[in-house]
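Written below as structure tokens is the structure these notes are about.
The values are calculated or read from the model by the stated rules, or taken from the named source; none is laboratory data. No experiment lies behind these values; they were computed from the predicted model shown. So basically every Cβ, Gly included, is an ideal-geometry build from the backbone, and we count neighbours across all protein chains shown. Ligands, DNA and RNA are stripped out before the accessible areas are found, and what is left, the full protein with its side chains, is counted by its heavy atoms. Shrake-Rupley method; radii C 1.70, N 1.55, O 1.52, S 1.80 Å.
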There are 4 protein chains.
Amino acid sequence: MRGGARALPENREPLLVKRFQGGFMKIGFIGLGHMGAPIAHNLIRAGHDLRVYNRTRDRAMEFAAEGARIANSPAEAAIDIEVLVTMVSDDRALRHIVFGGDPDQRPAIAELRPGTVHMSMSTISLEMARELAREHLERGQYYVSAPVVGRVKAALERKLWVIAAGPAGAVERCRPLMEATSRGISVVSEEAWKANLVKIGVNFALASLIETFGEAFSLMEKSGVAPLDFLHVVNESFQSPVYANYGGMIAERRYEPAGFDLRLGLKDAELTIRAAEDAGVPMPIADVVRNSFEEEVAAGNGRLDWAAGAEAARRNAGLERTRRAGG
Amino acid sequence: MRGGARALPENREPLLVKRFQGGFMKIGFIGLGHMGAPIAHNLIRAGHDLRVYNRTRDRAMEFAAEGARIANSPAEAAIDIEVLVTMVSDDRALRHIVFGGDPDQRPAIAELRPGTVHMSMSTISLEMARELAREHLERGQYYVSAPVVGRVKAALERKLWVIAAGPAGAVERCRPLMEATSRGISVVSEEAWKANLVKIGVNFALASLIETFGEAFSLMEKSGVAPLDFLHVVNESFQSPVYANYGGMIAERRYEPAGFDLRLGLKDAELTIRAAEDAGVPMPIADVVRNSFEEEVAAGNGRLDWAAGAEAARRNAGLERTRRAGG
Amino acid sequence: MRGGARALPENREPLLVKRFQGGFMKIGFIGLGHMGAPIAHNLIRAGHDLRVYNRTRDRAMEFAAEGARIANSPAEAAIDIEVLVTMVSDDRALRHIVFGGDPDQRPAIAELRPGTVHMSMSTISLEMARELAREHLERGQYYVSAPVVGRVKAALERKLWVIAAGPAGAVERCRPLMEATSRGISVVSEEAWKANLVKIGVNFALASLIETFGEAFSLMEKSGVAPLDFLHVVNESFQSPVYANYGGMIAERRYEPAGFDLRLGLKDAELTIRAAEDAGVPMPIADVVRNSFEEEVAAGNGRLDWAAGAEAARRNAGLERTRRAGG
Amino acid sequence: MRGGARALPENREPLLVKRFQGGFMKIGFIGLGHMGAPIAHNLIRAGHDLRVYNRTRDRAMEFAAEGARIANSPAEAAIDIEVLVTMVSDDRALRHIVFGGDPDQRPAIAELRPGTVHMSMSTISLEMARELAREHLERGQYYVSAPVVGRVKAALERKLWVIAAGPAGAVERCRPLMEATSRGISVVSEEAWKANLVKIGVNFALASLIETFGEAFSLMEKSGVAPLDFLHVVNESFQSPVYANYGGMIAERRYEPAGFDLRLGLKDAELTIRAAEDAGVPMPIADVVRNSFEEEVAAGNGRLDWAAGAEAARRNAGLERTRRAGG
């Protein structure tokens, strides 16, 4: 494999900050978007002590009512805590938080005490995860990748699935936090970036399904078979709630409101291709997905749910352009 | 759509042969392979009176013990019956049975009385289904396409799902037969070929999944993540028995014994592409699948289970060639 | 290879019709379209004696002035000749001419004397070429495939290149006709269908170039580099008149008048894919080309020059839809 | 376009170092590989005064005999010159030279006087070119991208074609150097990275041709037509020395010695895909090329000429593995 990460040498592992009494932890939480907000709520409900930061301060205010402290900067959220949890949209946002960007503002990483853990839940590139592991290690801090599988509804209902990787002790330290937000956890490696790889792989499988539905429904529609009739048979065959959900959205062309928007879907497709290049693996379906998502973003549909990636197949088949109003 | 079939004019519909007393039917059954045999058993168990034909006579003999009569030719299986059921591997085999091929043997279609129904359960081309509908209609007979979703195990357990299409009365006449072999039926059109299109679409979705697993597992394996660890997360996400089944086969590289072999999978991929051309729909994932399956067949793996189509991705990633012994 | 043709057994070869005195031949010529008309003119100019047939009789009349006899049916063009030359658009048209279709009209093949040669210049499927070889052989006639490379301008200027295959004696008999219309001849096999395969391969290379230009120009245009500036460098690199010609058409988006229209280009792409399936060869670029051409035909551009296949890449990149007026 | 470069503001342009008397220039030249060496020779022959640096010092020594001074480090080659010419294999190598990497060694950029020009002839990423333009500008230096089209033989014979972009005055300053090594120059933009984009586009066209030959020859070979017979017709059609050259290499499977190796070809394919992502353009043929090249590199053929990318198509068609010895 090209670009493989070095394993962290055992003897360089820093000591974990001693755990807070009573099982509850002091947590910095950054990123209160669609996914971050319900996760933060679940952590508060589980009894943890949060200081939250969000780029747009309004979204943070609702958490004050639940007892969270509002931080005025990423760095402030990182002061005097045991675990820093981040949940933002991409590499760029995470880099800005951790390493800073504004000259008049300290980066969060500078405030983290040695022994604290950064648990990153964002879907980021493998390269970014490797860099974070390296940089935190140099400062005697821990880095854990803990991206999640599931959409907003699953986050609200504590039904996410967490993919975790990082130094074993640090992963264990974060386990109560993961448990407070999910129905289960898969620990896949001691190298943090591999959790991100698994997350990228799951999103690839979802993206492949979206494109597959797009192609199959176009074939049905143009041949005179109702997509919903076809979907019924598919659902009887696959018996998957994911198929039922995405299949229904695509067959009925309901792409609003967006649970996860197509621009992010395109970003993930590009992460897949980067990971494939990194590992030296041809992935022709990833290429097809990237092209379809790119096409839809270029057509101005980037803010629809990523299920709208299926529209590229319809367009390319010359099917009419009308779309149902969002619901 | 290019090549669309004409709808059958109402007034040309022949009268159905009067139904046998007591709800049980006289059935000709041709094709006792992996899928056909359990279906025939289920029809006998449901009380129907079968005369069975198979190209290799040995496979037919076990049905005599259950009370079926053994026919010595396709034509003999078509004499004095209400419904002819056929379940063979491809267009060529079905053409040979229905229209004949040996100069010294009558084709089955010549023996069918007006008003009888041909219920074809094979996965065949749209063109073949249209031709059958046309030819039977000209002889005052009915043609129903009733391909099934499910593998051998589902057939044994009466858990297939039937996709049915054809003239409404003829489909109803066949309903007891479909019910005797399945857990449910989707009637998708009065044009028989559309059932075959839906079946092709379902197989396309399965083939897309096989290729997707092949690419994702190769990415994981070459990056140092165990495919089974990745599969665990995928299964938590999709919660589909089909994912669990195919994912397990591919992650463990168990491709024998073949439930449905790769040569047939390649045939289905080519049917998908033909249907896409016919309808004027670009289907890039179907192309990827076709190429991978073709590659594996060219590498000599055509008799493995079609899940082995996933091996193309491994080969192209340069992963080692060892394979688990079949089990 | 699946579907490979049997070689014709030497001893079954029929005797060639004795050649006309003086080197000039009596020729039936069917198909006076864009390509057929200049070829027919060149044959007349070379001194041969033509009886011409065209579906729309008007186009045939201009040949009367040059001394050709006008036939009223394909069969009439096949009476009392040495070589039947056909140049039509696809399998369907050729099948209609050779084997008939109207119940009140004799097919051309029924009029050909034993020993005459059918020299087919159309781009047809391998299957069609094999069937023609078989059917003519059964009647003691010869079949030669002689598709040409070059567009209308090359046909007018006698600058086509002929790809010939068939029984050696029959190919030699046709050589003066090929020479009268071309700047050179490649004899590639004694099996006629292989000339069609080579022609399909050349058109595949051209189609690949069209798609390549489409993608590269879209990349340049969307990045702010003028396609013509890029093309200048490409031309310096490849130094090919074909690149200059197609590159110029695509960079300037001149797709009218059509020298060879996109519907025919799509047909050829499908012939390539059929040949690839037949031989068991994955051809992912052929798939890409098929999809792009299909997309443009579905968008209503089937009557533009096939260079317009490059527009699919523009559309998919979200580049604006305006198009230069034809010139 | 995402990531588009800002145009350099006119008023921030630094003054060019005053030109050396007599038309000859003092040049630092870094990178004496297959392509760099003949270019350096041609510059010396044209009368310029070179100080050369190469990572492996042996290759530099031959230039001493021609009057060049040997520099012991990249920085040393950058002292007291008018133009720094670099010709290395990729971003990483160029970054190391310009910005340094060893703690005990000064980077070249630190030695360049304000007003000097860096003329970079390597095939690098757009991002790298933008970064170089930015960094040189900040130091009052000029950056010109001047990648070339042509292989080693063209370099030896002064038959390269130069693609140049950068601030107009700086490009003019470099013109005598470009003229000394090429048969012509295309100036495509005042933004340096656009020359790299054009170069990437030309290499994409070449890579597309390699894959196209791979697929077409596999189709011919598996169908029983000699690839060289097919190539003959292709050459008559395209009349391009590039087709004759690459077509001959691939038809005869001559991939050694490598003029430009497949690992570099894969790097260029990845640059194409990165540029496509950057601009928001789907490029499915670039994806196919990337996958085939990746497959061949994974199979251990990365050091063969990049024409060996065509072997992926053969492998996938199941054609036998023997290869001609290099010649």
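Here is how the numbers come out for the structure above:
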{"read-out": "Answer residue from region B:69-91, given it is crowded, with 24+ Cβ neighbours inside 10 Å, of a type in the set (A, V, I, L, M) and not in a loop (DSSP other than H, G, I, E, B) and is farthest from the chain's Cα centre (by Cα) among those", "value": "B:A77"}
{"read-out": "B:V289 open to solvent by less than 20 Å² (accessible area, probe 1.4 Å), more than 28 Å from C:I285 (Cβ to Cβ) and of a type outside the set (S, T, Y)", "value": "no"}
{"read-out": "Hey, C:G248 more than 8 Å from chain D (Cβ to nearest Cβ) and not in a helix (DSSP H, G or I) or not", "value": "no"}
{"read-out": "Top-ranked residue of region D:82-121 - restricted to ones that are free of Cβ contacts under 8 Å to residues at least 40 places away in the same chain and of a type in the set (V, I, T), ranked as nearest to D:R173 (Cα to Cα)", "value": "D:I109"}
{"read-out": "Residues of region C:270-319 satisfying the condition of being within 13 Å of chain A (Cβ to nearest Cβ) and of a type in the set (F, W, Y)", "value": "C:F293"}
{"read-out": "Among (1) modelled with pLDDT of 95 or more; (2) open to solvent by 10 Å² or more (accessible area, probe 1.4 Å); (3) out of contact with any Phe, Trp or Tyr (no Cβ under 8 Å at 6 or more places or on another chain), the one test that C:L304 misses", "value": "(3)"}
{"read-out": "Criterion: modelled with pLDDT under 95 and either buried (at least 18 other Cβ atoms within 10 Å of the Cβ) or touching a His at 6+ places or on another chain (Cβ under 8 Å) (or both) - qualifying residue of D:P107, D:P103", "value": "D:P107"}
{"read-out": "Qualifying strands (runs of 3 or more DSSP E) (wholly inside region B:130-214; at least 3 residues being open to solvent by 10 Å² or more (accessible area, probe 1.4 Å))", "value": "B:182-189"}
{"read-out": "Residue among A:V281, A:V233, A:V242 that is in the same structural domain as A:A205 (by TED's automatic domain parsing) and not in a helix (DSSP H, G or I)", "value": "A:V281"}
{"read-out": "Flag if D:R254 is part of a loop (DSSP other than H, G, I, E, B), over 24 Å from C:L197 (Cβ atoms) and under 30 Å from the mean Cα position of the chain (by Cα)", "value": "yes"}
{"read-out": "Residue that is nearest to the other protein chains (Cβ to nearest Cβ), among those in region D:196-205 that are touching a residue at least 60 places away in the same chain (Cβ under 8 Å) and over 16 Å from C:G224 (Cβ atoms)", "value": "D:F204"}
{"read-out": "The listed residue being over 23 Å from C:E215 (Cβ atoms) and either surrounded by fewer than 20 Cβ atoms within 10 Å (Cβ to Cβ) or touching a residue at least 60 places away in the same chain (Cβ under 8 Å) (or both), out of D:R253, D:R274", "value": "D:R253"}
{"read-out": "Residue in region C:213-236 that is under 27 Å from D:K159 (Cα atoms), within 24 Å of the chain's Cα centre (by Cα) and facing chain D (nearest Cβ under 7 Å) present", "value": "no"}
{"read-out": "Which listed residue is among the basic types (K, R) and within 24 Å of D:R274 (Cα to Cα), from D:R158, D:R134", "value": "D:R134"}
{"read-out": "Boolean, D:L262 is open to solvent by 10 Å² or more (accessible area, probe 1.4 Å), modelled with pLDDT of 95 or more and more than 7 Å from every other protein chain (Cβ to nearest Cβ)", "value": "no"}
{"read-out": "Candidates D:A40, D:A7, D:A78 - the one that is closer than 22 Å to D:A133 by Cα and at pLDDT 95 or above", "value": "D:A78"}
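Yes/no per residue for (1) over 18 Å from the mean Cα position of the chain (by Cα); (2) open to solvent by 20 Å² or more (accessible area, probe 1.4 Å):
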{"position": "B:G23", "(1), (2)": "yes, yes"}
{"position": "B:F29", "(1), (2)": "no, no"}
{"position": "B:H41", "(1), (2)": "no, yes"}
{"position": "B:E62", "(1), (2)": "yes, yes"}
{"position": "B:A65", "(1), (2)": "yes, yes"}
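Conditions tested, residue by residue: (1) assigned to a loop (DSSP other than H, G, I, E, B); (2) in contact with an Asp or Glu (Cβ under 9 Å, 6 or more places away or on another chain); (3) closer than 30 Å to B:G300 by Cβ.
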residue: C:A258; (1), (2), (3): yes, yes, no
residue: C:L264; (1), (2), (3): no, yes, no
residue: C:D268; (1), (2), (3): no, no, no
residue: C:D287; (1), (2), (3): no, yes, yes
residue: C:A307; (1), (2), (3): no, no, no
residue: C:R314; (1), (2), (3): no, yes, no
residue: C:E320; (1), (2), (3): yes, no, no
